[in-house]
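Each remark here refers to the structure printed beneath this line.
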Amino acid sequence: MKSTAAEITDRQGLTSNGAAPQTGERARVGDADSLLWRIVRPVGMAALFLTLWGLAVRWSGSDLFPTPGNVARGIIELIQKGLLIKYIVASVFRVSWGFTLAVVLGVPLGLVLGWYSRAFQAFNPFIQILRPISPIAWIPVAILWFGVSDAAPIFLIFLASVFPITVATIAAVQNMQLVYLRAAQNFGLGTGELFRQVILRACLPQIITGIRIALGVAWLVVVAAEMIAVNSGLGYLIIDARNAGKRYDLVVAGMVMIGLIGLILDLLVRQLEKFDEVRWGYVGRRK
Amino acid sequence: MKEAVISIQNVSMRFPGKRTGEEIAVLEKVNADVARGEFVCIVGPSGCGKSTLLNIVAGFLEATSGEILVEGLPVRRPDPRRIFVFQENGVFPWLNVHENVGFGLRRQTHGKRDRIIARYIDMVGLGGFESAYPHELSGGMRQRVEIARALAANPDIIYMDEPFGALDFLTRLKMRTDLVRIWQSEKKTILFVTHDIEEAVQLADRILIMTARPATIQDVVDVDLPRPRHLDSPGYLEKRDRIFQLMGMSLRVGETAA
Amino acid sequence: MSMRKVLILIAVAWLIAITLVHAWLNLHVFDSRGAATTDHKKFRIGFLPVTCHLTCPVTDFINKQMTGDSFFEPVRFNGWPELKEAYLSGYTPATFILAPMAMALREQGVPIKIVYLGHRDGSAVMVHKDSQIYRMEDLRGKKIAVPNRFSNQRLLIFRALKNAGMTPQDVDLVEMPPPDMPAALYAQAVDAISSGEPFMGQTELDGYGRVLWLTKDVWPNFISCVLAVHEDMIKNDRDTVQRLVDGIAKSGKWIDKNMEHRMETARFVSKFYYNQNPRLLTFVLSKPPDRVKYTNLALRKPDFEEIEKLGREAGILSGRAHFEDYTDASFVTDDTRVEPYAWEPSEDEEHGR
C-alpha cells in the first residue's frame, strides 16, 4: 500500500533463514565459537582419549595391546622404511577409482530408477538383496573375475559404495518436491533438460549426503578389499602385521592412519556442501 | 462479454478414495469463461477444490470429464504461454534470483535476456538482489521472484494459486497493490484462486464463487469498481458483504450463519 | 554449472595424479628393472608365510643369488581361501597347499596334481602354560583351534583323540586363521591351538605357550603341506615343472644340510619374504633341530593313504580319488639322490627381492 509497508518488508527481507552472520563479530579469540576453540575442542578430546588408552594398557598389564607410544613409534618406523607413503597412495588409489566408478554409475542409475517407477519396481528388489552382502563375501568372485591385481579391491570398493549412492539418489528423486517439476514443465522443458536442469539439481543436496556416506563406506571397506593378496595399502599393512607375529603396534598404526584419512576425506566432501548450488539443501539444520 | 480466452466446459473431477476405496467427487460440472485481459478470482471454502480446478486449467491434472479450451484449443499439458504461480516454494532454490527470473528465457540471446530480467526484477522491487539465493530471502520476496519469473516469460495468461497465502497481512496488502499495478501495465489475463474474500474484492473484475465439495460455481459476481480500490468505500463494502451473504457467512464474528 | 565443471576437472585431475603416483611407487611401472623381467616366462607360485612352505622362498632366493634371477615368481597370500581361489582362477598355476585340500579338490574334478612334499613334521599342539592340560584326556570338553577343516592338524587331532580313546565329539574344534592363534591362546579364548610353524613357536618364544605334543611324537614324518601344480602345466611344460621340483628338492636339502644354513634361511626369509621377526624363524628351525624337516620329501603312497583314511573318517574326503589320480611322483623318484644347492652365503647380499 504505502511506502512504509514497502520499507518494512524489504528490511525484513534481509533476514536470512538460519545462516549466521559470518566473520567479523564472531571471530574474536575467547569467543566460544571462534575458530580457535573449534580446533581446541576435538584436539583436547583426542589427547584425553590417548591418555586413557595408554593408562588402560598399562593397568591391564597386557603384553600384546600397544600403547599410543608404541603406535607412534610404529608409524615412524613405517615412514623410515618409506612404506607409509606407498601404502597410503595404494589405498587412496584404489578407493579413488572404486568410489569414482560408483558415483559415475550410481547417480545416473539412481536418477533413472527414481524417476521411472516401472524400472524401480523391476530393479529395486535386486538392489535390496545385493546391498546387505558384505564385500568380504564377494572376495572369491573378485578373484575369479579380476585375478590378483588392483582391479579386485577396486571392484570390492565399488560394490560397497554404489549401493548407498544409488539408494540415496532414488530416495531423493522420489521425494522431490512436485512443485519444481510442475514449474519446469510449465516452462516447456523436455525430458532430457528436465533431468539435467531440474531433477538432478533439486536432488543434489541429498545425493551429496549419500556420497558422503558412501565415501565413508568405501574407506571402511579398504581393509577387507586389500585382503586379496595385494602387496600394498593400509589394509594390507594391517593384515600383514597380523601375519608377522606380534606387530599389533602396526595394526593399530594402520587403523589410526585409516581413521585420519577418513576424517580428511569427510571434511573434503563437506566442503562440497558450501557451494551455492546446494547450500540451500542444508540450511537451517546446523549452525 | 469479450471473446473467451479460457473456456471451462462441464469439468468434473473424481479422485480414488484413499481409505474407503470409493471415489471422491471434488468438482462437479464446473462451467466458466474468462475473457482476454480480465482479472478473475475464484473463491470458495477451504478444500473445495479451487486449486484442483486451477491445476486442471493449467494442464497439470486431467479432468475426469469435461474439457478446458484455451484460445479455442483443448488443454492437454502445461504450456509456457500460460505460466502458473505457486503458493510457495515455486522458485528453484538452486538458482539465484537472476537465474530464476530468466528461467523462461533460455532461448533468448544473452544481452536481450539480461535486459528483460533486469526490467522485471525492478518491476517487482527486488533491485539489488540479483545474486541472492531464495533461501536467503523472505517469503514475500520469494513470491515476487516467482511473479517476475512468470512475467519475464511473457505469457498470455497467468494462473495464480493463493500466491500470497503464506505471507503476513501487511506484505499481502503491498503485494496486491504491486500486482494490480503490473497487471494494468502488462495487460495479462489472470486467473487467481484465493480463500480470502477481501482479497478477491480488492483485485478482481469478476469473482467466481464455488460451493463446498463436490464443487461447482454457485454464483458469479461482477466487481465493477474503479481501481485503485479504497478499502473503506461503500461500493467495496457492499460487494464484500454480498459475497459473504452468498456464501452463507455472518458478518459478526462469533455468530453462526443465519 | 560452474560447480559441476570445477568438480569434474578436479576429479579427473585427481584420478590421473593418484594413478601416476601409485604406478610409480607401487607398481614399478617406471622401473627399468621391471621391463627386463617381462620377457621371461615366469610362472607364479602361491605360498603362505609359514615354515611349511619354506622351500619356496628359499629356492627363489638362492636362484637369485646364483643366477641373478629366479625362474618363478612367488606370490604371498594371507589366508588359505585366497590361496585356493587364486589357484582355481588360474592366477597361480603352481602352489603350496594342504594335502587334504588338494585331494578334496581333485575329488571335485579340479585338475590338480601333487608333485612333491613341502616338509615333514613342523606342527604342534600348544596349550597355555598356566593351564592344567598335560595329556590328551585333559582336553575333554575344551576348545581347540585348527587352521582349516582340510588341514592335517585337524586329522592329527582326530588320530590323537582316537589313540586316547576319545571321539571328536569330546572336544570343541574351531577353525581359525593361524596368525590369530597366538593371541587367542594368550587371551585363553581357546584352550589349545594347532597349526604350522612359526605360530606355535611364537607362543613358546613369548613365554605363554607350552607344547602339549609335537607332531613328530604322535605321527612321525607327518606330512601337511605339499607342492601342487595344474595338470595342464605338466602336459604343456613338463620341463618347467621338473625344474621347479628339482629346485624345491635342492632347497630342502640345502636347508637341512647344517645349522648354519638354517640360521641363514631364517635371516633372509623373515626379512625378504615373510616379514616376521628373525628370532621367530630361528627358534622354530632350531629348537629342537628336528622340529621341522625338509628332506625325504618324495611322494610315497602309504603317507597319502593314511590321509585318505583319516579324511574319510573325518568326513572331508569321499574316497573317490586315489594316489594315482592326485599325484604325479615322476619328477623326483628317489630323493636320496638329490644334491643340495651349491651355494654358500657371503657378505654382500642385498639382492633379496
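All of the numbers you see were taken from the coordinates with simple rules; none came from a lab. Treat the numbers as computed from the prediction; the structure is a model and nothing was measured. Note: ideal-geometry Cβ built from the backbone for every residue, glycine included; neighbour counts use all protein chains shown.
May I ask you to sort C:T333, C:T240 by Cβ crowding, counting other Cβ atoms within 10 Å and putting the fewest first?
Lowest to highest Cβ neighbour count: C:T333, C:T240.
Sort the stretch B:1-106 into rounded, prolate or oblate with this rule: let a ≥ b ≥ c be the square roots of the eigenvalues of the Cα gyration tensor; rounded if a/c is under 1.5, and if a/c is not under 1.5, prolate when a/b is larger than b/c, oblate otherwise.
Oblate, since a/c reaches 1.5 and b/c is not below a/b.
Based on the Cβ-Cβ distance of B:S65 and B:A212, what FRET efficiency does E = 1/(1 + (r/R0)^6) give at R0 = 22 Å, to the nearest 0.05?
Taking R0 as 22 Å, the efficiency between B:S65 and B:A212 is 0.65.
Given the DSSP H assignment, sum -39500 (n - 2.57) over each helix run of at least 4 residues in chain C and divide by its residue total; what's the result at 222 nm in deg cm²/dmol, nearest 500?
Calculated mean residue ellipticity at 222 nm is -13000 deg cm²/dmol.
Among C:K84/C:K162; C:K216/C:K257; C:K162/C:K309, which pairs are too far apart, with a Cα-Cα distance over 23 Å?
Pairs exceeding 23 Å: C:K84/C:K162.
Taking every DSSP beta bridge that has both residues in chain C, what percent is antiparallel when rounded to the nearest 5?
Values: 22 of 36 bridges.
Around 60 percent antiparallel, to the nearest 5.
To make sure I understand the rule: partners must be lysines, Cα under 17 Å from the Cα of A:K81, and not fewer than 8 residues away in the same chain. Which ones qualify?
C:K271
Treating each Cα of the protein assembly as shown as an identical point scatterer and ignoring solvent, apply the Debye formula and state log10 I(q)/I(0) at q = 0.06, 0.07, 0.08 Å⁻¹.
With one equal scatterer per Cα and no solvent, log10 I(q)/I(0) is -0.63, -0.74, -0.84.
Which percent, to the nearest 5, of DSSP beta bridges fully inside the stretch C:125-218 are antiparallel?
55
If amide H atoms are built 1.01 Å from N in the plane of the peptide, which residues on other chains or at least 5 residues away come under 5 Å of the amide H of C:E175?
The answer is C:V146.
From the backbone phi of the stretch C:76-88, what are the Karplus-calculated ³J(HN,Hα) couplings (6.51 cos²θ - 1.76 cosθ + 1.60, θ = phi - 60°) in whole Hz, Gly and Pro given as x?
8, 10, 9, x, 4, x, 5, 4, 5, 5, 5, 5, 4
Return one quarter of the surface area of the convex hull spanned by the alpha-carbon atoms of the stretch C:199-352, equal to its mean projected area, in nm².
Answer in nm², one decimal: 11.6.
Just to be sure I understand: of the beta bridges DSSP finds with both ends in the protein assembly as shown, what percent are antiparallel, rounded to 5? Could the numbers behind the result be given before it?
Numbers: 44 of 76 bridges.
Here the share of antiparallel DSSP bridges comes out near 60 percent.
Only counting other Cβ atoms within 10 Å, I'd like B:D114, C:D232 sorted with the fewest neighbours first. Each step should come with its number before you reach the end.
Values: B:D114 15, C:D232 12.
So the residues, fewest neighbours to most, are C:D232, B:D114.
Going by alpha carbons, how many degrees (0 to 90, nearest 10) lie between the helix axis of B:234-246 and the longest principal axis of chain B?
That works out to roughly 60 degrees.
On the Cα set of chain C, report Rg and Dmax in Å, please.
Cα only, chain C: 22.1, 79 Å (Rg, Dmax).
Using alpha carbons only, how many degrees (0 to 90, rounded to 10) separate the axis of helix B:139-152 from the longest principal axis of chain B?
80
So if R0 is 60 Å, what FRET efficiency would A:A72 and C:Q242 give, r being the distance between their Cβ atoms, rounded to the nearest 0.05? Walk me through the numbers on the way to the answer.
Values: r = 51 Å, r/R0 = 0.86.
That pair, A:A72 with C:Q242, gives E of 0.70.
Just subtract the alpha-carbon distance of C:E260 and C:N163 from 0.36 nm times their residue separation and send over the number in nm, one decimal.
Separation in residues times 0.36 nm, less the Cα-Cα distance, equals 31.1 nm.
With each run of n ≥ 4 DSSP H residues scored as -39500 (n - 2.57), what mean residue ellipticity at 222 nm is computed for chain B after dividing by its residue count and rounding to the nearest 500 deg cm²/dmol?
Taking each H run of at least 4 residues, the total per residue is -9500 deg cm²/dmol.
Taking A:K86 as the anchor, which aspartates and glutamates have their alpha carbon closer than 19 Å to its alpha carbon, excluding any fewer than eight residues away along the same chain?
Excluding near neighbours in sequence, the set is A:E77, A:D150, A:E226, A:D240, A:D249, C:D31.
Express the Stokes-Einstein translational diffusion coefficient of the stretch C:125-218 in µm² s⁻¹, to the nearest whole number, given a Kirkwood radius over alpha-carbon pairs, 25 °C and a viscosity of 0.890 mPa s.
On the way: Rh = 12.9 Å.
For the chosen part, D equals 191 µm²/s.
Can you list the DSSP H helices in chain A whose Cα atoms extend at least 24 Å along the helix axis and whose mean Kyte-Doolittle hydropathy is 0.0 or higher?
The answer, listed by residue number, is A:35-60, A:83-115, A:151-174, A:200-225, A:248-272.
Of all alpha-carbon pairs in chain B, indicate the percentage at a distance above 26 angstrom.
The calculated P(r) of chain B puts 43 percent of pairs beyond 26 Å.
To the nearest 0.05, how large is the calculated FRET efficiency for A:R118 and C:K129 if R₀ is 60 Å and r is the Cβ-Cβ distance?
Calculated transfer efficiency: 0.35.
If the reach is capped at under 17 angstrom between alpha carbons, list the lysines near C:K5, excluding any in the same chain fewer than eight residues apart.
Within reach: A:K274.
Taking a ≥ b ≥ c as the square roots of the eigenvalues of the Cα gyration tensor of chain A, is the shape rounded (a/c under 1.5), prolate (a/b larger than b/c) or oblate?
oblate
Could you tell me which Cys residues in the protein assembly as shown have no other cysteine's Cβ under 4.7 Å from their own Cβ, answering none if every one has a partner?
A:C203, B:C41, B:C48, C:C56
With axes computed from alpha carbons, what is the tilt in degrees of helix B:169-186 against the longest principal axis of chain B, rounded to the nearest 10 within 0 to 90?
70
List the residues whose amide H sits under 5 Å from the amide H of B:Q218, counting only those 5 or more places along or on another chain, with H placed 1.01 Å from N in the peptide plane.
Excluding prolines and chain starts, which carry no amide H, the hits are B:I209, B:M210, B:T211.
If a paramagnetic tag sat 7 Å from the Cα of C:I10 along the Cα-Cβ line, which residues of the stretch A:252-279 would have the backbone N under 14 Å from that point?
Those under the cut-off are A:264-279.
So, counting K/R as plus one and D/E as minus one, what does the shell of residues with Cβ under 12 Å around B:L208 add up to? If you can, show how the numbers build up before the last one.
On the way: positive: B:K50, B:R206; negative: B:D33, B:E38, B:D205, B:D219, B:D222.
That sum, taken over residues with Cβ under 12 Å, equals -3.
Rounded, prolate or oblate: which fits the stretch B:159-208 when a ≥ b ≥ c are the square roots of the eigenvalues of the alpha-carbon gyration tensor, with rounded for a/c under 1.5 and prolate only if a/b beats b/c?
Oblate, because a/c is 1.5 or more while a/b does not exceed b/c.
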